[in-house]
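First comes the structure, then the notes that go with it.
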Protein chains: 2
Amino acid sequence: MVLRGLGRHLIVEVWGVDAELLDDEAGLRDMLVEAARRAGGRVMGVLFHKFEPQGVTGVVAIAESHISIHTWPEYGYAAIDIFTCGSHVDPWRAFEYSVGKLKPKSINVFEVRRGVMPGGGEF
Amino acid sequence: MVLRGLGRHLIVEVWGVDAELLDDEAGLRDMLVEAARRAGGRVMGVLFHKFEPQGVTGVVAIAESHISIHTWPEYGYAAIDIFTCGSHVDPWRAFEYSVGKLKPKSINVFEVRRGVMPGGGEF
């Protein structure tokens, strides 16, 4: 019996990131789009918003699910989610690229398998 | 010491949902926007896509983070994420509304606290 699943979802917590990086809407947009590309995803749409006085929220919808980021520059913190489905994409490539860009002092990442069913699965 | 966090993230797995509901892009868009409203969120943007032959992916960016859904009508399955920050929003209201609409045969939900730090937190 194969127990894989339909999706892989990386829940990423990064701390100790430079505040300017976390407040740079255009830079974070470019980062997430490139992260999606490196994972092997196809970008369907992008939504970003810059808050005042600080903070950015962004979502990249991909054909294979989504990648999101929400930042708190005042705490040097960002919450990143990388959710992909299908065997042709690798969410860890998006993770590695994003972490390489943000250079956090600490990283926590959890992989959650989504849509796991008996005998089924797509990766 | 208070240990709360910056965000609450509900990871929702629903199975045994009617395939037509899971393939109804407009219906799912309305559901997620209304779910965001019920949670107390402010919608910043919406991205939805319908796949052929089946399946819908959708993300609602809210000022307080995001809500997303990815559906596999062929398995009666959907992966829903409800991520909110701030004490004025309640992700469980979005959860209850969505589950009430989808009427799954089984539900699994996990609450993940995001951005937890010593002595800090916003809810």
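Just so you know, all these numbers are worked out from the coordinates, no wet-lab data involved. Computed from a prediction, not measured in an experiment: that's the story for all the values here. Because the Cβ atoms are built from the backbone with ideal geometry, glycine has one as well, and the counts that use them run over all protein chains shown.
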Grab the eigenvalues of the alpha-carbon gyration tensor for the range B:1-74, scale each by 5, take roots, and send me the semi-axes largest first in whole angstrom. 26, 15, 10
For the protein assembly as shown, what does the equivalent ellipsoid look like in terms of its semi-axes, each the square root of 5 times an eigenvalue of the Cα gyration tensor, given largest first in whole Å? 27, 20, 17
Per-residue average of other protein chain Cβ atoms inside 10 Å, peptide B:73-86 -> 3
Treating the beta-carbon of each Lys and Arg as +1 and of each Asp and Glu as -1, no other charges, what is the dipole magnitude of chain B about its Cα centre, to the nearest 20 debye? 540
Average projection area in nm² (convex hull over Cα atoms of the range B:72-123, one quarter of hull surface): 4.4
Calculate for chain B the 222 nm mean residue ellipticity that helices alone would give, adding -39,500 (n - 2.57) per DSSP H run of length 4 or more and normalising by residue count, nearest 500 deg cm²/dmol. -7500 deg cm²/dmol
Can you work out D for the range B:9-123 in µm² s⁻¹ from Stokes-Einstein, where Rh is the Kirkwood radius over C-alpha pairs, the temperature is 4 °C and the viscosity is 1.567 mPa s? 91
Whole-Hz Karplus couplings 3J(HN,Hα) for the range B:92-105, θ = phi - 60° and coefficients 6.51, -1.76, 1.60, Gly and Pro as x, run 5, 5, 5, 4, 4, 5, 5, 5, x, 7, 7, 6, x, 6
GNM result for chain B, Cα springs below 10 Å: residue of B:Phe48, B:Phe95, B:Phe83 fluctuating most strongly: B:Phe48
Each residue of the range B:19-28 in order: what ³J(HN,Hα) in whole Hz does its phi give by Karplus 6.51 cos²θ - 1.76 cosθ + 1.60, θ = phi - 60°, with x for Gly and Pro? 4, 5, 4, 6, 10, 9, 4, 5, x, 6
Take A:Asp30 and A:Glu111, extend 7 Å from each Cα along the Cα→Cβ direction, and tell me the distance between the two endpoints in nm. 3.0
Beyond 27 Å (Cα-Cα) in this structure, taken from A:Lys50/B:Lys103; A:Lys50/A:Lys103; B:Lys50/B:Lys105, we find A:Lys50/B:Lys103
Yeah, the range B:13-56 with a ≥ b ≥ c from its alpha-carbon gyration tensor (a/c under 1.5 is rounded, else prolate when a/b outruns b/c, oblate otherwise) is oblate
Both in Å, the radius of gyration and Dmax of the C-alpha trace of the range B:44-98 are 12.5, 41
